[in-house]
Amino acid sequence: MNKKIIDLIIAILVIAVGIGIWIISSNNKTESDNNSNNTNTTENENSNESQEENINSDDKKVAVIYFSATGTTKKVARYIKNATGGDLIEIVPKEKYTDSDLNYGNDNSRANKEQNDSNARPEIKKHINTDNYDVIYLGYPIWWGDVPKIILTFLDNHNLNDKTIIPFCTSGSTGISGSLSTLKNYNKNVNWIDGKRFASGVSQNEVTNWVNEISY
């Protein structure tokens, strides 16, 4: 074999070895970059999860609890639920109120008798678990300028001490002040927030604006 052919073979081998070294080096660098990117991605994901946990830990659990005999208060309660994202819970009487029960012109009607009896506590059909809530919107219609006695039953049956409760009511004209005074005096361990009276024609926007104003 002449010298030129040997030199050519050697040159080819040198080039092949060089290419091999370059390929191995390039692959190692790519793996290193990928590992670095994966580490950074994991750290970012963990950081985001941590931030989300911090945000969630500061969130207050909200319930919208209401009694509605005719459906008017129920509508407002749904509006508040939409505005807050809280849980909607109805106070259901064990004995449903009929139209005759709500006949305010009849002194012997059920509602009249209850409102005139300071000891009246109408039974609630099902116990409501309030333990996990920090803020409760408490809704009711105004009966004779005051809260229906079933609302006092609710207060009797639940430990609401140190919770924040925001009353809201519905009526044709009577304001919330009389019923609010009753509630504040009935349980002084609750953080009562001055609430609001709504008419039957109130809109979702009006209710949402009120919720945003009180910042709960």
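Is the shape of the stretch 128-214 rounded, prolate or oblate, going by the alpha carbon gyration tensor and its root eigenvalues a ≥ b ≥ c, with a/c under 1.5 for rounded and a/b larger than b/c for prolate? Don't skip to the answer; put the middle values down first.
Details: a/c = 1.91, a/b = 1.28, b/c = 1.48.
The shape class here is oblate.
Considering only the Cα atoms of the stretch 62-214, their convex hull presents on average a projected area of 8.3 nm². With both residues required to sit in the stretch 93-216, DSSP beta bridges show an antiparallel share near 15%. Distance between the pseudo-spin-label points of Lys125 and Asn108 (7 Å out from Cα toward the beta carbon): 2.8 nm.
State the extension gain, in nm to one decimal, for the chain segment bounded by Ser181 and Glu95, taking 0.36 nm per residue of separation less the distance between their alpha-carbons.
28.2 nm
Dimensions of the stretch 112-158 based on its C-alpha atoms, expressed as ranges along the principal axes with the largest first, amount to 35, 19, 15 Å.
Applying a 10 Å radius around every beta-carbon, put 175-187, 71-83, 91-103 in order of their mean neighbour count, most first. Please report the intermediate quantities before stating the final value.
Values: 175-187: 16.1, 71-83: 19.7, 91-103: 13.8.
Averaged packing, sorted descending, gives the order 71-83, 175-187, 91-103.
Of Lys113/Lys163; Lys126/Lys188; Lys61/Lys96; Lys74/Lys94, which ones are farther than 23 Å apart at the Cα?
Values: Lys113/Lys163 31 Å; Lys126/Lys188 25 Å; Lys61/Lys96 29 Å; Lys74/Lys94 17 Å.
Going by Cα-Cα distance, Lys113/Lys163; Lys126/Lys188; Lys61/Lys96 fall outside the 23 Å limit.
Length gained on full extension, Asn132 to Asn189: 18.8 nm, using 0.36 nm per residue less the C-alpha separation.
Annotation: extensible slack from Ser173 through Asp156 equals 3.3 nm (criterion: 0.36 nm per residue apart, minus Cα-Cα distance). A simple spin-label model places the labels of Ala199 and Ser118 3.5 nm from each other, with each point 7 Å out along Cα-to-Cβ.
Taken together, the values in this text are just the output of simple stated rules run on the coordinates, not laboratory data. This one's a predicted model, so the numbers in the text were calculated from it and none came from an experiment. Here Cβ is always computed from backbone atoms with ideal geometry, including for glycine, and neighbour counts include all displayed protein chains.
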